[in-house]
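Working notes for the structure below.
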Amino acid sequence: MRRREFLAASVAGLASGLAGCGRTGDGGTGATPTAGSPGDRRIGAVELPVSRGELRAAVPRDRIPAIVDPAFGEDWSGLSVPESSAYDGGPLLPDDSPVVGLKRDGEARAYPLRVLDWHEVVNDGFAGPTLVTYCPLCGTAVVGERRVNGTETVFGVSGYLYRGALVAYDRATGSLWSQLLAAAIRGPATGEELSLSPARLTSWGEWRESHPDTTVLLPPPRSDTVRGRDATFDYFDGKYVRGRDQLIGYRGRRDEAGPTPKTLVVGIARDGEARAYPFAEVRDRNVVNDTVGSSPVVVALAPDGGLVAYERRAGGTTLRFRAAGERHLRAGGSRWERTTGRAVDGPHEGRRLAPTSATPAMFWRGWSNQYPDTEIFPASGTGE
């Protein structure tokens, strides 16, 4: 398999099972918008509170045990492996293991999907009360602040699904929170939105190479959970079957001409328009300059084989991007890092492109559940 296709394939393989505003950037200058950019969130279009009939009870509350006291290390080399484990030798956390990467205040942390698959919610204290969530069913990683009505709290897995995706709850009010919307949909906090932070869905090797001082989440019993340290699983045995197009819990018939449920897409919504960019279409073009609503955007491959998307305005100018090697784009006389959107030379040096969303690329299933009328790229008159 080509390196560029690693992330799309490996992350998709992890999600064939049933899943139980404003901090952005990491420094630099230039535009860094809040997570709630106009049109990018659907909370305004959802009738609240969501009725019980719109929620699906998948498993009991806390059956999927959220991590409440996470532990971190330089790697997984010191972990003990139970005799019954599926571990078959080699690195305990291989370089090709997918992780959610987060950088705050100059520090970096990685949260392996082989842990998030089993726990889905991590309550961290990384530069403040931090909530890291991953929905294996939709492939969505959402990171925000653990505050409700301004008060720090702990989140857990409710056991409900809304629009086929993870629903968390908070201990402070007992409200239910849609991960896709990053908002409370039922309970006393209904309508409140999380303040989001941008995160990357990448490989452990790529993240460690670009952030050599990173630490990585250690699985229970090193980390504690809402059900205690004994709520452990075999983190060397994939919870979800790799290489299957169909998802457990997904029973609807799909449009044969459209993406499969696990197709990795970048979704952008602006001014009442929504467009999804499938991995294969971006891979074939490398760089896509497009306009969604009134917003000029650029979608491109990342060095780890994932997808990135930015607003393509800088310094009051709309730019047109082209490839400048595997790690950079070129526009306006400057080279821009694909993974950060930061200009590294030329007249725009130090500027940073605004990400189109604080949420990384996700499965088509997750995006289309949120934006059912999405136009799929390429369509007539879109992009280049």
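The values are calculated or read from the model by the stated rules, or taken from the named source; none is laboratory data. Remember, predicted model here, so these are calculated numbers, not experimental data. Neighbour counts are summed over all protein chains in view; Cβ atoms, including those assigned to glycine, are modelled from backbone coordinates with ideal geometry.
Taking the range 176-203 as the region of interest, how many residues are surrounded by fewer than 21 Cβ atoms within 10 Å (Cβ to Cβ) and part of a strand (DSSP E or B)?
Selection size over the range 176-203: 1.
Since residue 294 meets every condition but one in (1) over 21 Å from residue 258 (Cα atoms); (2) of a type outside the set (Lys, Arg); (3) buried (at least 20 other Cβ atoms within 10 Å of the Cβ), which condition does it not meet?
(3)
Run down 209, 193 and say which single residue is closer than 20 Å to residue 369 by Cβ, among the acidic types (Asp, Glu) and more than 16 Å from the chain's Cα centre (by Cα).
One residue alone meets the criteria, 193.
So is residue 65 over 30 Å from residue 270 (Cβ atoms), at pLDDT 95 or above and buried (at least 20 other Cβ atoms within 10 Å of the Cβ) or not?
Criteria met by residue 65.
Could you list, in sequence order, the residues of the range 73-105 that are among the small types (Gly, Ala, Ser) and surrounded by fewer than 17 Cβ atoms within 10 Å (Cβ to Cβ)?
Listed by number, the residues that qualify are 73, 77, 78, 80, 84, 85, 86, 89, 90.
What about residue 173, is it polar (S, T, N, Q), surrounded by fewer than 24 Cβ atoms within 10 Å (Cβ to Cβ), more than 17 Å from the chain's Cα centre (by Cα) and at pLDDT 95 or above?
Judged against the criteria, residue 173 is a match.
State which residue pairs qualify: first residue on the phi < 0 side of the Ramachandran plot and among the charged types (D, E, K, R) and inside the range 155-181, second residue surrounded by fewer than 24 Cβ atoms within 10 Å (Cβ to Cβ) and not in a strand (DSSP E or B) in any location, beta carbons under 6 Å apart, and separation of 6 or more residues or different chains.
Short answer, once both residue conditions are applied: 170/153; 171/153; 171/154.
Would you pick out the residues in the range 325-359 that are farther than 19 Å from residue 286 by Cα and not small (Gly, Ala, Ser)?
Within the range 325-359, 344, 345, 347, 348, 349, 351, 352, 359 qualify.
What single numbered condition from (1) of a type outside the set (Val, Ile, Thr); (2) in the same structural domain as residue 198 (by TED's automatic domain parsing); (3) over 29 Å from residue 212 (Cα atoms) fails to hold for residue 83?
All conditions pass for residue 83, except number (2).
Just to check your reading of the model, which residue among 309, 276 is closer than 21 Å to residue 196 by Cβ, touching a Gly at 6+ places or on another chain (Cβ under 7 Å), surrounded by 18 or more Cβ atoms within 10 Å (Cβ to Cβ) and at pLDDT 95 or above?
276
Residues checked against (1) in a helix (DSSP H, G or I); (2) over 29 Å from residue 158 (Cβ atoms):
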position	(1), (2)
80	no, yes
87	no, yes
90	no, yes
99	no, no
109	no, no
114	yes, no
123	no, no
127	no, no
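With the checklist (1) modelled with pLDDT under 95; (2) closer than 19 Å to residue 72 by Cα in hand, flag the one item residue 197 doesn't pass.
If we test residue 197 against (1) modelled with pLDDT under 95; (2) closer than 19 Å to residue 72 by Cα, just (2) comes out false.
Tally up the residues in the range 313-340 that are modelled with pLDDT of 95 or more, within 21 Å of the chain's Cα centre (by Cα) and surrounded by 21 or more Cβ atoms within 10 Å (Cβ to Cβ), please.
1
For the range 106-122, how many residues meet the condition of being surrounded by fewer than 24 Cβ atoms within 10 Å (Cβ to Cβ) and of a type in the set (Asp, Glu)?
2
I'd like the full set of residues that are in a loop (DSSP other than H, G, I, E, B) and either outside the structural domain of residue 156 (by TED's automatic domain parsing) or over 22 Å from residue 371 (Cβ atoms) (or both), limited to the range 46-68.
Once the filter is applied, which keeps residues that are in a loop (DSSP other than H, G, I, E, B) and either outside the structural domain of residue 156 (by TED's automatic domain parsing) or over 22 Å from residue 371 (Cβ atoms) (or both), the range 46-68 yields 58, 59, 60, 61, 62, 63, 64, 65, 66.
Please go through the range 204-231 and give me each residue that is hydroxyl-bearing (Ser, Thr, Tyr) and either more than 29 Å from residue 80 (Cβ to Cβ) or not in a loop (DSSP other than H, G, I, E, B) (or both), ordered by number.
210, 215, 225
Of all residues in the range 129-141 being crowded, with 24+ Cβ neighbours inside 10 Å and in a loop (DSSP other than H, G, I, E, B), which is farthest from the chain's Cα centre (by Cα)?
Ranking the qualifying residues of the range 129-141, first place goes to 137.
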